[in-house]
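One structure is given below, encoded as structure tokens.
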Amino acid sequence: MSRVDCKNIWKIYNGNVIGIKDLTFTCNDKEFLAILGPSGGGKSSTLRMLAGLEEISKGEVLFDGKKVNQLGPAKRNIALAFESYALYYRLSVYENIAFPLRAKGISNKDVDKRVKDIAEALNLASILKKRPAELAGGYQQRVSLARALIRKPNLTLLDEPLSHMDQRIRAEIRAHIRSIHEELGNTTIYVTHDQAEAISLCDRILILNYGELQQIGTVDDIYNNPVNKFVAFFVGEPGMNFIKCTVESPDNVSLQTSEGKKIFGFSGAVNPKYVGSEITMGIRPQQIGVVEHGGKKSIMSGLVKIVEFQGDNDILTVELDDINKIRIKVVIPAGGKRFKREETCWMDFQPEYIHLFDEAEKAIIERRS
Amino acid sequence: MIKKKITNEEIGFWIVTIIVLIVVLGPLLWIYLTAFKSASDIFSGSLSKQILFTPTLENFKRLFTEYPFFASLFNTIIISVVSTILVMVISLPAAYSFARWDTGGGHLLFVTISTRMFPGVVAALPFFLLFRNIGLLDTHIGLILLHMYFNVSFATFLLYGFFKDVPVELEQAALIDGYGRIDILRRIVFPLVLPGIAITSAFCMIWSWNEFLFAFLFTRDIARPMTVLISSFWGSIEVQYGTMAAGVAIAILPILIVAWVMQRYIIRGLTFGAVKG
């Protein structure tokens, strides 16, 4: 167990401030779901409603088909790791981790075994006797994580559990979290604003913004078929480029360049009602192919304005040769051509990588399967 | 050896420190010196006699034999201890409720503290009439109730700050772990606010111990606390400095000790906090 269903849940604060708006989603049994979104997007509110720490204003939360709205946090058998750690500073690390087990009246021997097991997995064995105040932030966060995971809960809720750790430890603990999830075989919901974490850990990602569900799906889905401009830009680093263009026919769009109109095809088609209207074309910096010279239909030229060396790749900021002189980003993978400032760059906008968004910022290409 | 140069800042620092010490310690010194002086030494004009004199216990002897000193000391203890305990019984849950659930949306807390904003004497007349009608004048209960009236608001406000400093996540984590509200208060919250409870009770106790105005107006004989007894040495015919100083010397001793012991807590009370970024 357990499967989590949220049905049209709302969170309204003080009668008029909307925290969560009509959110519906399912987290399947044993699934690892990430809730991803910018700060203030409603991620933590959602988590707290699942935990029973916050009242659900409207809608239903079901665990395994049973409504849990009215149950207190203890009755839901969930575990929650807080972003602020919420450690008990008077107790040792050992007692902090053992705390949830003590509430259940588990024998000392079992408590000891379980504390040591989890401490081993999270590299905490050497500091069990210390007090939380003596530890650096990253360690405290791991203790908080250990306390959440030790209970073998039905549902594990993790609220930005890695946010205060340094980069190296983060990657290491990330792998541990995933393996603990698989070992325990429970359902995990993971809140983060870091897409790299969400992508590397989770089976599916749910994207929230302004308390509204933007998209839920696998990483592949979200990366390749974003439903709107927000998702397209939010996922992927650097974010997707957006260029104004005009719909010429249901299966191609045009850009005005110094050499005249350029036509770009895309895979799929748009509703004929869009023909003639100005819309937004999106293309990921990672999916722009850099070629030797122009000529082909789908090739645009531009001037390199900024070159950022990133070690494993270079990120170019290129001023596009369209009438708006818009600046876009292009990622050159390691081993690719090295550009200098003011050099001309030829870019291939391949049809399968082109996304189109209407005025309401919705994706409008109907892909042929 | 390198000679350390004394800077202007250091000179300034010591001048200010000495002034503060004189202002704070001067009266204390006067009280303790006077308490051990004979009447002739107290009124002696020579400056040397102010410091160099033959100590005597005659003031204390008079205080203990001719006046009901121990009875009034006992009254003071009863009134301050009982009122402090009752204040804490009321203020702790009230402050917790204000801090956690914002009971009354801030207005109620303000109303509570506003009872401390007007001069106490304003409340004296209505209380006097009320107490006279229900027979609470010159009773321990009467004075305890009055002290509670003043200290509950103050203690609630002070404790509110301490409860507010306890991160709500700590309680939520314990709730999720399966602990009940009472257990959480006992095992998580109270240990964290203990310094706050200690300081608050100390303040209430000190206030109640030193309180004079209401004690003077509302007691005559049976419930008369020490502050009123000591003031009675200032008569219309003569001022008995020696006996008065002896009484004060004993009366302020517990407060000095409490303040000394509480120092550590006051500093801890100001700096504790459980969640760090």
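Tell me, which residue of the range A:317-336 that is of a type outside the set (A, V, I, L, M, F, W, C) and not in a strand (DSSP E or B) is farthest from A:Gln286 (Cα to Cα)? Walk me through how you get there before you give the answer.
At the first step, the residues of the range A:317-336 found to be of a type outside the set (A, V, I, L, M, F, W, C) are A:317, A:319, A:321-322, A:324-325, A:327, A:329, A:333, A:335-336.
Those left that are additionally not in a strand (DSSP E or B): A:321, A:324-325, A:335-336.
Numbers: A:Asp321: 19, A:Asn324: 22, A:Lys325: 20, A:Gly335: 14, A:Gly336: 13 Å.
Among them, the one singled out is A:Asn324.
Does B:Arg186 satisfy the criteria of being among the basic types (Lys, Arg) and either under 30 Å from A:Ser84 (Cα atoms) or under 20 Å from the mean Cα position of the chain (by Cα) (or both)?
Working: among the basic types (Lys, Arg): yes; either under 30 Å from A:Ser84 (Cα atoms) or under 20 Å from the mean Cα position of the chain (by Cα) (or both): yes.
In short, yes.
Is the range A:20-32 home to any residue that is in contact with a helix residue (DSSP H, G or I) (Cβ under 7 Å, 6 or more places away or on another chain), within 11 Å of another protein chain (Cβ to nearest Cβ) and under 21 Å from A:Ile180 (Cα atoms)?
Narrowing the range A:20-32 to residues in contact with a helix residue (DSSP H, G or I) (Cβ under 7 Å, 6 or more places away or on another chain): A:20, A:23, A:32.
Filter again for within 11 Å of another protein chain (Cβ to nearest Cβ), leaving none.
Looking for residues that are in contact with a helix residue (DSSP H, G or I) (Cβ under 7 Å, 6 or more places away or on another chain), within 11 Å of another protein chain (Cβ to nearest Cβ) and under 21 Å from A:Ile180 (Cα atoms), one finds none in the range A:20-32, hence no.
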Log entry, pairs with first residue in the range A:318-335 being outside the structural domain of A:Ile299 (by TED's automatic domain parsing), second being assigned to a strand (DSSP E or B) and buried (at least 18 other Cβ atoms within 10 Å of the Cβ), beta carbons closer than 8 Å, six or more apart or on different chains, reads none
What residue, of A:Lys116, A:Lys130, A:Lys109, is at pLDDT 90 or above and within 24 Å of A:Asp166 (Cβ to Cβ)? A:Lys130
Going by what's in this entry, would A:Glu237 be described as out of contact with any Asp or Glu (no Cβ under 9 Å at 6 or more places or on another chain) and at pLDDT below 90? yes
Given the conditions (1) surrounded by fewer than 12 Cβ atoms within 10 Å (Cβ to Cβ); (2) at pLDDT 90 or above; (3) of a type in the set (A, V, I, L, M), report the number of the one that A:Ala334 does not fulfil. (2)
Tell me, which strands (runs of 3 or more DSSP E) wholly within the range A:2-58 include 1 or more residues that are at negative phi, over 21 Å from the mean Cα position of the chain (by Cα) and hydrophobic (A, V, I, L, M, F, W, C)? A:4-13, A:17-27
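Can you find a residue in the range A:64-86 that is more than 14 Å from chain B (Cβ to nearest Cβ), buried (at least 23 other Cβ atoms within 10 Å of the Cβ) and at pLDDT 90 or above?
Filtering the range A:64-86 for residues more than 14 Å from chain B (Cβ to nearest Cβ) gives A:64-67, A:69-70.
After this cut, where a residue has to be buried (at least 23 other Cβ atoms within 10 Å of the Cβ) as well, the list is none.
No: the range A:64-86 contains no residue that is more than 14 Å from chain B (Cβ to nearest Cβ), buried (at least 23 other Cβ atoms within 10 Å of the Cβ) and at pLDDT 90 or above.
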When you scan the range A:194-236 for helices (runs of 4 or more DSSP H) that lie fully inside it, which ones turn up with 3 or more residues that are among the β-branched types (Val, Ile, Thr)? none
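Here is a yes/no grid of residues against (1) in contact with a strand residue (DSSP E or B) (Cβ under 7 Å, 6 or more places away or on another chain); (2) closer than 20 Å to A:Ile177 by Cβ; (3) in a loop (DSSP other than H, G, I, E, B):
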residue	(1), (2), (3)
A:Tyr89	no, no, yes
A:Ile106	no, no, yes
A:Asp117	no, yes, no
A:Lys130	no, no, yes
A:Val143	no, yes, no
A:Thr156	yes, yes, no
Pull out all pairs, ordered by first then second residue, where Cβ-Cβ is under 6 Å, the residues are six or more apart or on different chains, the first lies in the range B:176-187 and is at the interface with another protein chain (Cβ under 7 Å from one of its Cβ atoms), and the second is in a helix (DSSP H, G or I) and small (Gly, Ala, Ser). B:Asp177/A:Ala103; B:Gly178/A:Ala74; B:Gly178/A:Ala103; B:Tyr179/A:Ala103
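Per-residue answers, yes or no, for (1) in the same structural domain as B:Ile250 (by TED's automatic domain parsing); (2) assigned to a helix (DSSP H, G or I); (3) over 20 Å from B:Phe218 (Cα atoms):
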| site | (1), (2), (3) |
| --- | --- |
| B:Leu33 | no, yes, yes |
| B:Val81 | yes, yes, no |
| B:Ile113 | yes, yes, yes |
| B:Met117 | yes, no, yes |
Of all residues making up the range A:337-349, the number that are surrounded by fewer than 16 Cβ atoms within 10 Å (Cβ to Cβ) and assigned to a loop (DSSP other than H, G, I, E, B): 6
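Restrict the check to the range A:118-132 and report whether at least one residue is away from chain B (no Cβ under 12 Å) and acidic (Asp, Glu). Talk me through it step by step, then tell me what you get.
Filtering the range A:118-132 down to residues away from chain B (no Cβ under 12 Å) leaves A:118-130.
Going one step further and asking which of them are acidic (Asp, Glu), we end up with A:120.
Within the range A:118-132 (the criterion being away from chain B (no Cβ under 12 Å) and acidic (Asp, Glu)), the answer is yes, since at least one residue qualifies.
The values are calculated or read from the model by the stated rules, or taken from the named source; none is laboratory data. Worth saying up front: this structure is predicted, and the values here are computed from it rather than measured. Cβ atoms come from the backbone with ideal geometry, glycine included; neighbour counts cover every protein chain shown.
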